[in-house]
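For reference, the structure is listed below as structure tokens.
The values are calculated or read from the model by the stated rules, or taken from the named source; none is laboratory data. Here the structure is a predicted model, which means the values were calculated and not measured. Positions of Cβ are generated from backbone atoms using ideal geometry, with glycine treated the same way; all protein chains shown enter the neighbour counts.
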Amino acid sequence: MMSLCCRLLRSCLAGRPLLTVLALVAVSVIGTASCTDDVIVGSTEEGDSDTAAVDVNLDGQIRGDGGGAEASADTSPEDIAIADDATGADAPEVSAPCPLGQDCTCTVDADCASGVCLVDPSTGIGKCAVPCQDGSCGPDFVCTETTLPGGGKLALCLPKPPCKPATEVCNGSDDNCDGKTDEGFCFDGNPCSDDVCTADGICTHPDNVLPCDDGNACSKGDTCAAGQCSPGTGSGCDDDLVCTKDSCDAVAGACVNTLLTGGCEDGNACTLGDLCDSGNCVSGQPLACDDKNPCTNDSCDPKVGCLNLANAATCSDGDACTTGDACALGSCKGGAAKDCSDGSDCTLDLCKDGQCTQLPVEATCSDDNACTEADLCKNGTCIGKNKDCKDNNPCTDDTCAAGACVNKLVPDKTVCDDSNACTLGDICDHDGLCVGLDKNCDDSNPCTLDKCQVTDGQCQHEPTQG
């Protein structure tokens, strides 16, 4: 009988926490002498033990005595082989509990390293309790210091204990579980003070800064200050319509909103001529923002009105004698001057109304001919004098090439003039000299001196004496 009860106790302790009660009953019946709380798992009839003893606590948890590691209380009797007098089978390994801080699924406390399994009564399955984060927990949980199964303490997030309704008293707590604190106590009738009960039952009335109503319909935005309701700065009769005149009859506490006519402001800077109509401000014509400037991008912002922002577009500065005009800082800037150069040093190049003109100038110039000298501008043209290459030798052909004089000998026996009237038949010899035969002036008279007059080539016959 005792052996049967001990088996029953072992099976219960390996099951659900609810069955732990039955195990306790079994302990009370059997007595500590016949069935102790040290259950040997895996023992044989001869007394051999293959595993460590498991300590069964009265809270339904099973813990090994070899280092504080917990065995799973969710292990069924079929998973743990309870030793029979006739069997020597070893018990299977027990799974490790859920580590601290991990949101593991559990069914009994032993499933969790924290030692607490928060079981859902409707399913029998729960989550392991997790440590508090910075001293706080989620809704409906409270941070509670708890002793861990292996020793030591840790603050865990545990469900708030259920509220047990009681008579409300002045103590700073919600005694009747209605979500309100100390209702019915310490009420002073002042909306600008808080009615508070201290823990020792003393009423206090600290000032607050809550919105309030000063009882005057002509004020708006009333707030508490120094325990009094102070009137707000706004008008309680402002209907937020720009086309009404808002006033308040303080005696009657009634607002008067008179319709206005005429011009108004619709709050849109891009409209002009807004008019009131039945209390509403009707927008007028669109604002003209075109400034006729090609160097600005024109638009309208409802908050500020026209925007004329500078661009960098191409444009015309109105001068036909500039090219590549472009916008800069909202203005059209002329580009480079039109090229009217004709490449001549003897003209002044001008542009007028987009047309090029060249005016002649008098100046030294260069006709780009090395065989001319003293080049001068004349009527817009550069004219130079031919370089003088004459060597005064009638037997040479005198020319200029690339700025250098060339004096080439003419063919031999070329007729020439030696500039001597007293020679006849002048020809060029091989050496480039012009030579002729002397003119014969002999008159065969021994009594005359015959000679040729060089100036005119005439023969002269001067008489001689003796």
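The condition of being modelled with pLDDT under 90 and surrounded by 14 or more Cβ atoms within 10 Å (Cβ to Cβ) holds for only one of Asp418, Asp438, Asp442, Asp456, that being Asp418.
The residue that is farthest from Ala313 (Cα to Cα), counting only those in region 281-301 that are surrounded by 15 or more Cβ atoms within 10 Å (Cβ to Cβ) and of a type in the set (Ser, Thr, Tyr), is Ser283.
Of all residues assigned to region 335-345, at least one qualifies as being modelled with pLDDT under 95, under 44 Å from the mean Cα position of the chain (by Cα) and surrounded by 11 or more Cβ atoms within 10 Å (Cβ to Cβ). The number of residues in region 397-426 being touching a Gly at 6+ places or on another chain (Cβ under 6 Å) and in a strand (DSSP E or B) comes to 5.
For region 276-313, which residues satisfy the criterion of being among the hydroxyl-bearing types (Ser, Thr, Tyr) and out of contact with any strand residue (DSSP E or B) (no Cβ under 6 Å at 6 or more places or on another chain)? Within region 276-313, just Ser278 meets the criteria. Report yes if some residue within region 354-377 is surrounded by fewer than 13 Cβ atoms within 10 Å (Cβ to Cβ), within 53 Å of the chain's Cα centre (by Cα) and either more than 30 Å from Asn268 (Cα to Cα) or modelled with pLDDT of 90 or more (or both); otherwise report no. Within region 354-377, one or more residues are surrounded by fewer than 13 Cβ atoms within 10 Å (Cβ to Cβ), within 53 Å of the chain's Cα centre (by Cα) and either more than 30 Å from Asn268 (Cα to Cα) or modelled with pLDDT of 90 or more (or both). Please work out if Asp111 is out of contact with any strand residue (DSSP E or B) (no Cβ under 8 Å at 6 or more places or on another chain) and of a type in the set (Asp, Glu). The answer is no for Asp111. Look at (1) at pLDDT below 85; (2) among the aliphatic types (A, V, I, L, M); (3) touching a strand residue (DSSP E or B) at 6+ places or on another chain (Cβ under 8 Å) and you find that Ala252 fails only one, number (3). Determine whether Asp140 is in contact with a Lys or Arg (Cβ under 7 Å, 6 or more places away or on another chain), exposed (fewer than 12 other Cβ atoms within 10 Å of the Cβ) and within 30 Å of Thr204 (Cβ to Cβ). Judged against the criteria, Asp140 is a match. Would it be correct to say that Gly457 is over 30 Å from Ser341 (Cβ atoms) and assigned to a strand (DSSP E or B)? Taking the combined requirement at face value, the residue does not satisfy it. Of the residues Gly179, Gly151, Gly124, Gly189, the single one that is closer than 30 Å to Thr223 by Cβ, among the small types (Gly, Ala, Ser) and modelled with pLDDT under 85 is Gly179.
Only one of the numbered conditions (1) closer than 30 Å to Lys439 by Cβ; (2) not in a strand (DSSP E or B) is violated by Glu362, and that is (1).
Here the condition is being closer than 30 Å to Cys192 by Cα and not hydroxyl-bearing (Ser, Thr, Tyr); of Gly262, Gly305, Gly330, Gly221, it holds for Gly221 alone. Listed by first and then second residue, the pairs with beta-carbon distance under 8 Å, at least 6 apart or on different chains, first residue in region 436-464 and closer than 23 Å to Pro394 by Cα, second surrounded by 14 or more Cβ atoms within 10 Å (Cβ to Cβ) and polar (S, T, N, Q), are Gly436/Asn420; Gly436/Thr423; Leu437/Thr423; Asp438/Thr423; Lys439/Thr423; Val454/Asn420. For Gly318, indicate whether it is of a type in the set (Gly, Ala, Ser), within 30 Å of Gly354 (Cα to Cα), modelled with pLDDT under 95 and not in a strand (DSSP E or B). Yes.
Filtering region 120-131 to residues that are among the hydrophobic types (A, V, I, L, M, F, W, C) and surrounded by fewer than 18 Cβ atoms within 10 Å (Cβ to Cβ) leaves only Ile125.
Evaluate region 77-100: report whether one residue or more is at pLDDT 85 or above, touching a Pro at 6+ places or on another chain (Cβ under 7 Å) and farther than 30 Å from Gly179 by Cβ. The answer is no; no qualifying residue exists. Scanning region 108-143 for residues that are outside any strand (DSSP E or B) and among the β-branched types (Val, Ile, Thr) yields Val108, Val116, Thr123, Ile125, Val130. Among the residues of region 252-280, those that are part of a loop (DSSP other than H, G, I, E, B) and either buried (at least 17 other Cβ atoms within 10 Å of the Cβ) or over 47 Å from the mean Cα position of the chain (by Cα) (or both) comprise Ala252, Gly253, Leu260, Thr261, Gly262, Cys264, Asp266, Asn268, Cys270, Asp274, Ser278.
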